[in-house]
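These notes are about the structure you will find just below.
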Protein chains: 4
Amino acid sequence: MSKRGFASDNAATIHPDVLEAIAEANTGHAFGYGHDALTQRVEGLFKELFGRDARAFLVFNGSAANVLSLRAACRPWEAVICAETAHMNVDECGAPEAIAGVKLLTVEGVDGKLTPELIGRRIERIGDEHAVQPGVVSLAQCTELGTVYKLAELDAIAGQARTHGLVVHVDGARLANAAAALEASLTELTAEVDILSFGGTKNGLLAGEAVVILNPSLAEGFEYLRKQSLQLASKMRFLAAQFEALLTDELWLHTARHANLMAARLAELVGELPGLTITRPVETNAVFATVPREAIEVLRRQFDFYVWDEARDEVRWMCSWDTTEEDVERFATAVGHALS
Amino acid sequence: MSKRGFASDNAATIHPDVLEAIAEANTGHAFGYGHDALTQRVEGLFKELFGRDARAFLVFNGSAANVLSLRAACRPWEAVICAETAHMNVDECGAPEAIAGVKLLTVEGVDGKLTPELIGRRIERIGDEHAVQPGVVSLAQCTELGTVYKLAELDAIAGQARTHGLVVHVDGARLANAAAALEASLTELTAEVDILSFGGTKNGLLAGEAVVILNPSLAEGFEYLRKQSLQLASKMRFLAAQFEALLTDELWLHTARHANLMAARLAELVGELPGLTITRPVETNAVFATVPREAIEVLRRQFDFYVWDEARDEVRWMCSWDTTEEDVERFATAVGHALS
Amino acid sequence: MSKRGFASDNAATIHPDVLEAIAEANTGHAFGYGHDALTQRVEGLFKELFGRDARAFLVFNGSAANVLSLRAACRPWEAVICAETAHMNVDECGAPEAIAGVKLLTVEGVDGKLTPELIGRRIERIGDEHAVQPGVVSLAQCTELGTVYKLAELDAIAGQARTHGLVVHVDGARLANAAAALEASLTELTAEVDILSFGGTKNGLLAGEAVVILNPSLAEGFEYLRKQSLQLASKMRFLAAQFEALLTDELWLHTARHANLMAARLAELVGELPGLTITRPVETNAVFATVPREAIEVLRRQFDFYVWDEARDEVRWMCSWDTTEEDVERFATAVGHALS
Amino acid sequence: MSKRGFASDNAATIHPDVLEAIAEANTGHAFGYGHDALTQRVEGLFKELFGRDARAFLVFNGSAANVLSLRAACRPWEAVICAETAHMNVDECGAPEAIAGVKLLTVEGVDGKLTPELIGRRIERIGDEHAVQPGVVSLAQCTELGTVYKLAELDAIAGQARTHGLVVHVDGARLANAAAALEASLTELTAEVDILSFGGTKNGLLAGEAVVILNPSLAEGFEYLRKQSLQLASKMRFLAAQFEALLTDELWLHTARHANLMAARLAELVGELPGLTITRPVETNAVFATVPREAIEVLRRQFDFYVWDEARDEVRWMCSWDTTEEDVERFATAVGHALS
């Protein structure tokens, strides 16, 4: 039996339905670069899920989905308001700046979340040519800390963005987990969103994300941006096949719901243990907790996971579509031992 | 039976060994981003094929492999000498300029090939601060026109590059086809090369290319460049699995040799037909020919392929690893009918 | 008496009226960055000369005026059609690519000039996501070879540009010389132009050029582009003062007309000399000629000038606003001696 | 008598010696782009002031001096640690990101100053390919808040930088004022600095700054970077003439000392007024203070100055080389009235 850990949802396997879909698509020749029937079907599926104006562009990974969104949304002097903890700020090796030429205006969120009040602090110096002008609000749903924006919270942010003429971008590398958590449809979740990254890789794909453009004005020329930004797959049908599997019969929702459930179960099992404190609301598929350093060391000999904040001994335990209840129980038991 | 055409080697399927390797790798959890055992094995395979100093970095596609190579090789004021027909000049939507900030100094090659004489014309204005300084010679092996550089030709170019302190880059999206054509090993083919793109997608992979760095000084910091350039796969093991299959037991060579053979066979079958002229030496897996426009129209109703040069009625017929002798014969027959 | 040569019009002095204007502006404090009365007056002068919709943005130098124009006119996937000899292609050290991220699509002009036919060759692959899309036609008036586009020629190019939705940019580093040559007003010269660089430095200023935007849609956000592109002068009033002098009482035209006249005189004096061939139409302030290498060497010991094309022994002799008839005669005599 | 305010030292006039130097240089022809005798003399003067390894490159403005320094010092994946208040972070319209492609890692300084402790917080994730790597520490001397780093403070920061392999950059737009404040020579002030921006415009020039490179490895290719970044003046002699005046007989020091003195005098005159609180140490030529909003309004009707922080009613009063004692007294009197 192969080992499963809690390092990341991208340490997980490919969902068997997805792999099967690749195999099924592997017959005969097909025009490259998305000019094939399968890709067109998938574009239709995205319209079903996100609304008929939605346009989906498949890309290889999540950093690309984010950076391409910024390239589409920002004029050269426009900047992006985001949380200090945003993936694009801390985990994309400066790609927004180096590849999109865009400055990020960060605020310290609470549990990774923006608020209108925080955003408001960076809406300043409008019309002052010495300062970049805020052009985009980018929020992660769910956040990098596993928390979710409630629909009313999204509403408030989107309203503020509209007032100030800002584009709303959602980093949805784990949008499925947020949808599962909120029991909301994707259209509800993105009702006032202009452009988003929709994650597949963390939810059972081999590799594949989508930039979904809901505001048609941002779609102009996007096919060139994708190609120029090194993200146009030649054998596109195999990206499309993965998404067809994911988007059919709500596979995306089932896998995300399961991952969330596993995290909830883990939190339940370890939450009361002495010496361990859960540090963030467990709303999707991550459990953040502080644990004594010795216990961390003991556990990492047995299981893969990341220490999120060395200074505080805060760990992140991530569940994925293929985490089993048994995995969780075995791990919780190990945590109990390490703490005793 | 599914349809096969002659549009591109990226219209082909995934080789069954490659798909199987993906399935086999799909068990248990693995650290992402290449920190897994499979990726390490593949790095070892690249050393076996390209020499022990070789370092291989897997990326998603060929444009990326090229542009990342340029980012690694060029200082901001350095430019790249390449053929007018180079993929990076005509088929990457300005990515070298927009993403790498690099100017291309093009020359009109013959059948897509550079010569020392042609390169020499762009080695000029050295030390003149008003002009970009030539920093890289980039050649495609095989070229976009299916032709190959003989070892002596490579030697001459590399010698010139050394004399002028230029980095030698090879766009090897189809390097396997060149190796097959020349019956040369990959180390022979790249003996004096500093950095190259090694293609997988056109040779049976789902998606995957490698930047292979032979000059160690160019590898410094490349892991950051890859991440920043949106090319670090999180589930890297599935890129690695594909390459493990491709690089094991010379699969890459067998597939490439087969594709070349099919092109040779096609050329043989159609080369003498009245009204058709083969326009480029058929050295790898492409056949270029001029054909009367009416015949092109007739043929395109039955088979996929590209018109390369509308003005001249020049077509490109591309064979791939999965082209069968029957495909070729059926197509050649159709060409015969269309011309008669 | 100080030495004057024929190297470049930027080897010349500051026109005394311009220097005096700087001195006159040098009193009391003024808000920086163009928020001063003098700058506003100059913006008014530009409207008088280029039409009331014209908006002028002062910058430091000609490369900047060109590159900022491209930043304003191009979306990321758009490219610029220009002559192989264009300043932005050969004399800006790759700034269009490195700073604006823009690819240049060059054509071999005749005496530095584009034609609709030449431009048409680069209007291709429209809608093909693999190729940059032509977005701008950039022509130099006068050209780097001293030639001018007649009004009918401009008309033809602009008509073609309109048909294909291309922006028309003029590199007018020496637009004054073209206006003098054509005896045309600046509005006539730029009737169908969207954006242009208007030169001052080569026409008697200490330093200063203007980006003049005639198509209002290109002016949106330009103040940010100027600042971000490192071209916003803090003590703007001293750039403005120079332009006020230049644009008042047609000083710009008198100086340009004089420089043109001096070149015509020089051409007249040397044009018939045996062994010397004038190689380009002498239409503005430059004389291009082929001269035996020995004569070049003799002359360069006495006078500064550039060898334009080493291979052909083609020299460029440039007259400027401060070239005197005596300078020309003395030089022509020296040429005569060197050739005899 | 012309009006003088307290808005900025770039609202001031050109120093008469500087203007005279321009006039004196305005004779005869000179090769452009710095290939003239005057520019070479000035390069010598910089060596006298900054040490014989110093190389000075004149540019047009301060944003350019900063951004070019970053282009010279950073590889693509390297980031710059600086204060939140740094000019490059808040007043260059995103040029570091858009033009240099560089991410800034900001810390909240105290009165605009970095400390080793603050810097240390951003030296993290070394070797982690997902994160930009700190490559440069950039500090302003004096800071944007008018404060200065003591030599021991510089020492501590430079020591830390050396330990971690970071380049030390100084934004010295007002380095002269810091030198005057510390009574230190420029070599003492920059003993452990690798590259710096040396300001002229705020200290009596028409326009002109210098990038001074003390670490020779950073000078390689800088002439290309300057040209490519749109900062190579064609009539360079007139930038050089200004610097020759400024660097001769310590004019730079006299002017800076005077400006500092005027600020000290102003602080003395208004510091005890009821309702006014001086908010930053007055160490150079700026006085920061909080003043009741009504008083600000009254004063701004009479004098130009900036409100630095609207929220706190904090103003900035800037003295310059041409501020007179009478100006200061008149202003102080007005402040007194406005507060009474």
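The values are calculated or read from the model by the stated rules, or taken from the named source; none is laboratory data. For clarity, every value in this text was computed on a predicted model and none was experimentally measured. Here the Cβ positions follow ideal geometry from the backbone for every residue, glycine too, while neighbour counts run over all protein chains shown. Accessible surface is based on the protein model in full, side chains and every heavy atom, while ligands, DNA and RNA are left aside. Shrake-Rupley method; radii C 1.70, N 1.55, O 1.52, S 1.80 Å.
Open to solvent by 10 Å² or more (accessible area, probe 1.4 Å), part of a loop (DSSP other than H, G, I, E, B) and under 30 Å from B:Phe238 (Cβ atoms): is that true of A:Ala181 in this structure? Judged against the criteria, A:Ala181 is not a match. Considering the range B:108-117, the residues that are in contact (Cβ under 8 Å) with a residue 12 or more places away in the chain and open to solvent by 10 Å² or more (accessible area, probe 1.4 Å) include one that is nearest to the other protein chains (Cβ to nearest Cβ), namely B:Glu108.
Filter the range D:130-143 down to the residues that are surrounded by fewer than 24 Cβ atoms within 10 Å (Cβ to Cβ) and part of a loop (DSSP other than H, G, I, E, B), then identify the one that is farthest from the other protein chains (Cβ to nearest Cβ). Ranking the qualifying residues of the range D:130-143, first place goes to D:Ala131.
Of A:Ser69, A:Ser63, all but one fail to be within 7 Å of chain B (Cβ to nearest Cβ) and part of a helix (DSSP H, G or I); the exception is A:Ser63. The residues of the range B:87-96 that are closer than 18 Å to B:Val137 by Cβ and either open to solvent by less than 10 Å² (accessible area, probe 1.4 Å) or within 7 Å of another protein chain (Cβ to nearest Cβ) (or both), listed by number, are B:Met88, B:Val90, B:Glu92, B:Pro96.
Within the range A:210-238, the set of residues being more than 8 Å from every other protein chain (Cβ to nearest Cβ), aliphatic (A, V, I, L, M) and in a helix (DSSP H, G or I) comprises A:Leu218, A:Ala219. In the range B:282-307, of all residues being closer than 15 Å to B:Gly5 by Cα, among the aliphatic types (A, V, I, L, M) and over 20 Å from the mean Cα position of the chain (by Cα), the one that is most open to solvent (accessible area, probe 1.4 Å) corresponds to B:Val298. For A:Ile14, state whether it is at the interface with another protein chain (Cβ under 10 Å from one of its Cβ atoms), touching a residue at least 60 places away in the same chain (Cβ under 8 Å), in contact with a Gly (Cβ under 7 Å, 6 or more places away or on another chain) and not polar (S, T, N, Q). In short, yes. Residue-level analysis places D:Leu214 outside the set of residues that are buried (at least 18 other Cβ atoms within 10 Å of the Cβ) and in contact with a Leu (Cβ under 7 Å, 6 or more places away or on another chain). The residues in the range D:291-321 that are of a type outside the set (A, V, I, L, M, F, W, C), touching a strand residue (DSSP E or B) at 6+ places or on another chain (Cβ under 7 Å) and farther than 30 Å from D:Pro16 by Cα can be counted, and the count is 3.
D:Thr324 is checked against (1) more than 21 Å from D:Leu261 (Cα to Cα); (2) open to solvent by 10 Å² or more (accessible area, probe 1.4 Å) and fails just one. What number does that condition carry? Status for D:Thr324: all satisfied but (1). Would you check which residues across the range A:154-178 are crowded, with 24+ Cβ neighbours inside 10 Å and acidic (Asp, Glu) and list them? A:Asp171 - this is the single residue of the range A:154-178 that is crowded, with 24+ Cβ neighbours inside 10 Å and acidic (Asp, Glu). Taking the stated definitions as given, is D:Ala156 in a helix (DSSP H, G or I), within 20 Å of D:Val80 (Cβ to Cβ) and assigned by TED's automatic domain parsing to the domain that holds D:Glu124? Taking the combined requirement at face value, the residue satisfies it. From (1) at the interface with chain A (Cβ under 7 Å from one of its Cβ atoms); (2) assigned to a helix (DSSP H, G or I), pick out the condition that doesn't hold for B:Ala7. Exception for B:Ala7: condition (2). What tally of residues in the range B:133-154 results from selecting those that are in contact (Cβ under 8 Å) with a residue 40 or more places away in the chain and out of contact with any helix residue (DSSP H, G or I) (no Cβ under 8 Å at 6 or more places or on another chain)? Final tally of qualifying residues: 4.
Scanning the range C:184-208 for residues that are open to solvent by 10 Å² or more (accessible area, probe 1.4 Å) and either within 14 Å of chain A (Cβ to nearest Cβ) or touching a Gly at 6+ places or on another chain (Cβ under 6 Å) (or both) yields a single hit, C:Thr187.
The residues of the range D:17-32 that are free of Cβ contacts under 8 Å to residues at least 60 places away in the same chain and either among the polar types (S, T, N, Q) or more than 10 Å from chain C (Cβ to nearest Cβ) (or both) amount to a single one, D:Thr27. I want to confirm something. Restricting to the range A:222-258 and keeping residues that are over 21 Å from A:Phe31 (Cβ atoms) and free of Cβ contacts under 8 Å to residues at least 12 places away in the same chain, which single residue is surrounded by the fewest Cβ atoms within 10 Å (Cβ to Cβ)? Looking at the filtered set, the residue picked out is A:Asp249. Against the test of being under 25 Å from C:Gly208 (Cα atoms) and touching a Phe, Trp or Tyr at 6+ places or on another chain (Cβ under 8 Å), the options D:Gly199, D:Gly221, D:Gly204 yield a single qualifying residue, D:Gly204. Within the range C:39-84, being of a type in the set (A, V, I, L, M, F, W, C), open to solvent by less than 20 Å² (accessible area, probe 1.4 Å) and farther than 30 Å from C:Arg125 by Cβ holds for C:Val42, C:Phe46, C:Phe50, C:Ala54, C:Ala56, C:Phe57, C:Leu58, C:Val59, C:Phe60, C:Ala64. Being over 29 Å from A:Leu145 (Cα atoms) and facing chain B (nearest Cβ under 8 Å) is a property that A:His35 lacks.
A count restricted to the range C:111-122 and to residues that are assigned to a loop (DSSP other than H, G, I, E, B) and in contact with a Ser or Thr (Cβ under 9 Å, 6 or more places away or on another chain) stands at 3. Within the range A:60-72, residues that are basic (Lys, Arg) sit with their Cβ atoms under 6 Å from residues that are in a helix (DSSP H, G or I) and open to solvent by less than 10 Å² (accessible area, probe 1.4 Å), at 6+ positions apart or across chains, in these pairs: A:Arg71/A:Leu225.
Using the structure shown, decide if D:Val80 is within 14 Å of chain C (Cβ to nearest Cβ), out of contact with any Asp or Glu (no Cβ under 8 Å at 6 or more places or on another chain) and either outside any helix (DSSP H, G or I) or of a type in the set (A, V, I, L, M, F, W, C) (or both). No; evaluated as a whole, the condition is false for this residue. Taking the numbered list (1) open to solvent by less than 10 Å² (accessible area, probe 1.4 Å); (2) outside any loop (DSSP other than H, G, I, E, B); (3) over 30 Å from A:Glu20 (Cβ atoms); (4) in contact with a Phe, Trp or Tyr (Cβ under 9 Å, 6 or more places away or on another chain) in turn, B:Gly146 passes all entries but (2). Scanning the range C:265-281 for residues that are open to solvent by 50 Å² or more (accessible area, probe 1.4 Å) and either out of contact with any strand residue (DSSP E or B) (no Cβ under 8 Å at 6 or more places or on another chain) or part of a loop (DSSP other than H, G, I, E, B) (or both), which turns out nearest to C:Thr324 (Cα to Cα)? Checking each candidate, the answer is C:Arg265.
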